[in-house]
Each structure stands twice: as C-alpha cells, then as structure tokens.
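*Asks:* My questions will all concern the structure given below.
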Amino acid sequence: MKKTLYFIMDYFDRNVIKEIMNKYGMPQEEAARGFLTSETHAMLEDADLGLYFFSPAGIFDMWEAEKVTGDPRNSIYVRGE
C-alpha cells in the first residue's frame, strides 16, 4: 500500500475533525480519535484508493456513513447517487 502524502492527510484531518466537532459538538480530542481510528481514515491513507480526490465534505460523509451503517462505502459519494 502506498500512503497518501502527509500534507494531504493533514489537510483532511484538520477539516474533517473540525466538521465532526461542529456538527456533533464533540471536544477536539474525541472528534480526532473518532476520525483517526476509523476505517474511513484508513481508506484515505491508502493512496491507491484515490480518496484524496474527494472533498473534505465527501470524506466527512463517508465517516458519517461508517458511524451509522458500519461501512464507509455506504456513503453517497462512494455509491455515486
């Protein structure tokens, strides 16, 4: 697996964590732990999957889909609806 470049990961980490904090009112540490340990984050780290072409909103949607359904692939961004 080729890893996504660190500065791209930093950009997504900061933006998605901020979105989690804003929407769910979580403290930063809890939001960071929830995102950084998620399957969505692991998929984003895998450069071969190309998720870095998505917007932070798309990655956030994947994270939400993972929390609700257990699978980030249930996101509308992945399903293409």
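Computed from the coordinates by the stated procedures, all read-outs in this text should not be read as laboratory data. These numbers were taken from a predicted model, which means no experiment stands behind them. All Cβ positions, glycine included, derive from the backbone under ideal geometry; neighbour counts span all protein chains shown.
*Asks:* Which of the lysines could a cross-linker span from Lys23 if the Cα-Cα distance has to be under 16 Å and same-chain partners fewer than 8 positions apart are dropped?
*Replies:* Lys67
*Asks:* Could I ask something else about it? Suppose every Lys and Arg Cβ carries +1 and every Asp and Glu Cβ carries -1, with no other charges. What dipole size does the chain come out with about its Cα centre, to the nearest 20 debye?
*Replies:* Working: 9 positive and 14 negative charges, 20 e Å.
The dipole of the chain has a size of about 100 debye.
*Asks:* Can you tell me what the convex hull of the Cα atoms of the range 10-81 projects to on average, as an area in nm²? Mind showing how you got there, number by number?
*Replies:* Working: hull surface 17.7 nm².
Taking a quarter of the hull surface, the average projection is 4.4 nm².
*Asks:* Another one. Counting alpha carbon pairs within less than 8 Å and at least 6 residues apart, what relative contact order, in whole percent, applies to the chain? Please list the in-between numbers first.
*Replies:* Numbers: 85 pairs, mean separation 23.3, N = 81.
Relative contact order here is 29 percent.
*Asks:* Continuing with this model, one more query. For Lys18, which aspartates and glutamates qualify as cross-link partners when the Cα separation must be under 19 Å and same-chain residues fewer than eight apart are set aside?
*Replies:* Asp10, Glu29, Glu30, Glu39, Glu45, Asp61, Glu64, Glu66
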